[in-house]
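Written below as structure tokens is the structure these notes are about.
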Amino acid sequence: MKQLQVLFLASEVDPFAKTGGLADVCGALPKALSALKVDVKVVLPLYGSIDRKKYAIQLVSNHCVHMGNCEEWFSLHTTSRDGVDFYFIEFDKFFGRHELYNTKQGEFSDNPFRFAFFGKAALQVARDIGFKPDIIHCNDWQTGLVPAHLAFDNDLFFADTRCIFTIHNIGYQGIFRPQVLAYAGIPLHHFHQGTYESFGAINFLKGAIILSDIVTTVSPTYAREICGPIGSAGMHDILRAKGDRLIGILNGIDTAQWSPATDTRIPKNYTVTSLAGKAVNKAELQRHFLLHDDPNIAVFGFVGRFAQQKGMELLRDAVEQAVVNMACQIVIVGSGETEFERFFGELPRFHPGKIGSHIGYSEDLAHLVEAGSDFFLMPSLYEPCGLNQMYSLAYGTLPVVRATGGLEDTVENYNEVNGTGTGFKFSNISASALYNTMGWAVSTFYDRPAHYRAMQQQAMAQDFGWKRSAQSYYDVYQSLIEKKS
Ligand code: ADP
Ligand code: GLC
């Protein structure tokens, strides 16, 4: 059988550039596809923050793409890792900055132009290097104009190419003034309600959903949620219309980076049969965050973006009450909306020894929190997949989650009768539901330690590696190719 060729497009890819789980997935999935013998080439922007030396990124060639009525010249750089070729588009006018999408002052106003350019430049790269892909795999709104080029540009080079679009988060759609159409070179007659038009604006995600051959999203439950009016941010009708061309495929985790047995960022490695090592990480976590040094107290961790989506208001309203009324400690690591940065940044001062926080982005601390905590908090209002709860399960750190999206699919609720389950779930969007569930977790920790241990073992025995999910993507690619012939 001919080797499948996939052009994989993303605005962030771990380890080069990351703001969230999108990067983790776009770093790990191509690697897993390559292990399935797929010829996958990943294209991303060369942001100013990408360390070219560290990743041996080399200049390859210069290219030109027509944007509106101008020619934009850009440079192509490359590196290879784990059997995957990564291509970086260097165009300083748009990507020379350190931040990916925004600063503290807000979103970059030229974002529509930056990513219209990125999509078109990526297609130009494929042509120029002679890589005629069977599949173009687009991710999130930043790649949302690519399906338009494939559908409208009548380019023979891509005549046999099929397009799959993965929604990682429907809350971010890329809604802008339609002026960008001219720059992207998409004729106005293609701009209507059946494509990208939405209340007079251009909606990158909407058109991408409509024009792609297949749409996937990152968990089966989220695939169902986004077909209903509550979870879809307005997209439910067009998603429902996709029928069986909308598929939920659960993300995996990169076990090379997230495994307590081999993690090089944590003080002490451990496995399901040597859980004593976890206590060393807990002691270091308590020391680092100036918490009372107590090996027997229940510690809750949180790592994530401080965004409404993550249930930050619930967390804000539940954690103080929790440390006052329960024997527990709390560690928060994250950054994002100013209001929450201020609140969680100041919190340790009011609860010394009981609450610790780090405002900012730190891979090392993210690993330490996963390894050293007893419980991990994810009270998300919605969660397309969520990676942290899967990291937590692998690290024997039981997740306390709202039952939504991928959290629903990956965490099995505690059954108090027989001690089975891998975490603690609640449904109501309220601080009291979170607080009560934290209470349930704490009481299990102290009063039913045998159940807590059994749950840790059940959690750590799960396989969330990428193999199965990559196979599902492979099958989707293959089904598109078969339909074609
Ligand atoms: P989302 O993509 O919605 O932010 P995910 O759970 O899918 O949520 O992925 C978040 C990723 O970003 C995880 O790898 C998590 O560890 C990482 N992350 C988020 N905030 C921080 C932070 N402040 N420091 C380190 N890692 C972080
Ligand atoms: C998004 C979602 C998150 C998901 C990640 C990777 O950022 O918010 O739930 O895990 O993408 O697919």
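The values are calculated or read from the model by the stated rules, or taken from the named source; none is laboratory data. These figures come from a predicted structure and were not determined experimentally. Reconstructed Cβ throughout: ideal geometry from the backbone, glycine too, with neighbour counts over all protein chains shown. Surface accessibility is based on the protein's heavy atoms, side chains included, excluding ligands, DNA and RNA. Shrake-Rupley method; radii C 1.70, N 1.55, O 1.52, S 1.80 Å.
Amide H contacts under 5 Å for Y87: V42, V43, L44, restricted to partners 5 or more places along the chain or on a different chain, H placed in the peptide plane at 1.01 Å from N.
Available extension along the chain between R52 and F152 is 32.5 nm, counting 0.36 nm per residue and deducting the alpha carbon span.
For the pair A276 and D237, label points projected 7 Å from Cα toward Cβ lie 6.4 nm apart. Taking a sphere under 13 Å around the Cβ of L407 and counting the other residues whose Cβ falls inside, with K and R at +1 and D and E at -1, yields a net charge of -2.
Note that the chain presents 40 Å² accessible area per residue, ligands and nucleic acids not counted, probe 1.4 Å. Here the 3J(HN,Hα) profile of the stretch 107-118, calculated from phi with Karplus coefficients 6.51, -1.76 and 1.60 at θ = phi - 60°, is 5, 5, 6, 9, 3, x, 6, 4, 8, 5, 5, 4 Hz, Gly and Pro shown as x. Considering only alpha-carbon pairs that sit under 8 angstrom and 6 or more positions apart, the relative contact order computed for the stretch 372-485 is 23 percent.
Compared with the dominant principal axis of the Cα atoms in the chain, helix 276-288 is inclined by about 80°.
Classify the stretch 276-460: rounded, prolate or oblate, from the alpha-carbon gyration tensor (a ≥ b ≥ c, eigenvalue square roots; a/c under 1.5 rounded; otherwise prolate if a/b is larger than b/c)? Taking the square roots of the gyration eigenvalues as a ≥ b ≥ c, the stretch 276-460 is rounded. Here the Karplus curve 6.51 cos²θ - 1.76 cosθ + 1.60, taken at θ = phi - 60°, turns the phi angles of the stretch 421-431 into couplings of x, 10, x, 10, 10, 9, 10, 5, 7, 8, 4 Hz, with x standing for Gly and Pro. As an exercise, use a Förster radius of 51 Å and the Cβ-Cβ distance of C64 and A261 to find the FRET efficiency, rounded to the nearest 0.05. Efficiency at R0 = 51 Å is approximately 0.55. Label the chain by shape, choosing from rounded, prolate and oblate, from the square roots a ≥ b ≥ c of the eigenvalues of the Cα gyration tensor; if a/c is under 1.5 it is rounded, and otherwise prolate applies when a/b is larger than b/c, oblate when it is not. It is prolate, given that a/c is not under 1.5 and a/b is the larger ratio. Neighbours of Y87 by Cβ distance under 11 Å: Lys/Arg scored +1, Asp/Glu scored -1, total -2.
DSSP loop GluC sites (Glu not before Pro) in the stretch 409-485 with at most 14 other Cβ atoms within 10 Å of their Cβ, which ones?
Within the stretch 409-485, the qualifying GluC sites (Glu not before Pro) (loop, at most 14 other Cβ atoms within 10 Å) are E416.
Helical runs (DSSP H, four residues minimum) scored at -39500 (n - 2.57) apiece and divided by the length of the chain put the mean residue ellipticity at 222 nm at -11000 deg cm²/dmol.
Looking at the chain, which longest stretch skips every one of the trypsin sites (Lys or Arg not before Pro) that is in a DSSP loop with at most 10 other Cβ atoms within 10 Å, leaving the sites themselves out?
105-485
Each Lys or Arg adds one and each Asp or Glu takes one away; over the other residues whose Cβ falls under 12 Å from the Cβ of D24, this sums to -2.
Taking Cα atoms only, the orientation of helix 449-460 departs from the longest principal axis of the chain by about 20 degrees. Extension gain, R245 to K483: 0.36 nm times the residue separation minus the Cα-Cα distance gives 84.4 nm.
Going by a ≥ b ≥ c, the root eigenvalues of the Cα gyration tensor, does the stretch 36-105 fall in the rounded group (a/c under 1.5), the prolate group (a/b larger than b/c) or the oblate group? Walk me through the intermediate numbers first.
Details: a/c = 1.90, a/b = 1.28, b/c = 1.48.
Oblate shape, in that a/c is at least 1.5 and b/c is the bigger or equal ratio.
Of the cross-linked pairs K282/K354; K104/K310; K268/K354; K425/K467; K93/K132; K18/K120, those separated by over 25 Å at the C-alpha level are K425/K467; K93/K132. Between R177 and S472, the modelled labels are 4.1 nm apart [label points 7 Å from Cα along Cα→Cβ]. Given R0 = 41 Å, the distance between the Cβ atoms of E71 and I429 translates into a calculated FRET efficiency of 0.20. Amide H contacts for V60 (H built 1.01 Å from N in the peptide plane; partners 5 or more residues away or on another chain; cut-off under 5 Å): L76, H77, T78.
Here's the list of aspartates and glutamates a cross-link from K483 could span, going by alpha-carbon distance under 18 Å and ignoring same-chain residues fewer than 8 apart: D134, D160, D213, D244, D475.
Once the Cα atoms are used to define both axes, helix 312-325 deviates from the longest principal axis of the chain by about 10 degrees.
The share of accessible area on the chain that comes from carbon and sulfur is 52 percent, using a 1.4 angstrom probe. Taking amide hydrogens as placed 1.01 Å from N in the peptide plane, the amide H of G423 sits under 5 Å from those of E412, Y414, each at least 5 positions away in sequence or on another chain. Stretched out straight at 0.36 nm per residue, the stretch from S443 to K93 would grow longer than its current Cα-Cα span by 120.4 nm.
Please give me, ordered by residue number, the GluC sites (Glu not before Pro) of the stretch 295-355 that lie in loop per DSSP and have at most 16 other Cβ atoms within 10 Å. Filter output for the stretch 295-355: E337.
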